[in-house]
1. Indicate, rounded to the nearest 5 percent, the antiparallel portion of the DSSP beta bridges found entirely in segment 5-154.
2. Can you give the extra length, in nm with one decimal, that the chain gains between residue 125 and residue 141 once fully stretched, where that is 0.36 nm per residue apart less the Cα-Cα distance?
3. Residue 28: net charge of surrounding residues, Cβ under 12 Å, Lys/Arg +1, Asp/Glu -1, itself excluded?
4. Find the Cα radius of gyration of segment 5-154, compare it with 2.2 N^0.38 Å by division, and give the number to two decimals.
Amino acid sequence: MLRGIPSLVAACVLLAAGPVAAQELKEISCGRSLEKAGSPAQLVMDPSLHVLEQTRGAAKFDPGAPPPGYTVKSIFCARSDVVPAPSDYKVVAAGYPLTLFARDSAGHTRIAVLETDGGQLRVRSAGQTGFTADMVQRIQVMLDASIPQFKAAAR
């Protein structure tokens, strides 16, 4: 499912002019991982997909219809910060893992995956550069706020 991620990371990160201060979370671009029976997953950028915007007020997340014969397997976004937003749980509640890419102030790319594990919402590092202590703390705050809403949405 994460095939092609290194080139995707490069493409997403190049879209960013550089690291953005963590004050305001910015979404640079998003896309969908699409699968077709008998074919490897394809990572497709989608200029109409805006996860931050779509999850803020919406009751449920909708990734949009895939092309005929394909299914949406996951969602990915390049952002100014790898820590998920409080409303990102809606992507996972809709059945899609959410992969986030962000470049830090030192130029390192970090990758976080918001997903379920045994029915529980979790965030894991998927890149070579792990989370800092500050990120772990902010992720825990996000999870503490999101888990009750995620459980309610999953019912």
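What follows draws every value from the coordinates through simple rules; no lab data is involved. If you're wondering where the values come from, they're calculated on a predicted model, not measured in any experiment. Glycine also receives a Cβ, built like all others from the backbone with ideal geometry; neighbour counts cover every protein chain displayed.
1. Working: 24 of 29 bridges.
Of all bridge pairs located within segment 5-154, approximately 85 percent are antiparallel.
2. Details: separation 16, 0.36 × 16 = 5.76 nm, distance 1.63 nm.
Between residue 125 and residue 141, full extension yields an extra 4.1 nm.
3. Numbers: positive: 26, 79, 103; negative: 27, 81.
Around residue 28, the charge tally is +1.
4. Details: Rg = 14.7 Å, N = 150, 2.2 N^0.38 = 14.8 Å.
Normalised Rg, Cα atoms only: 1.00.
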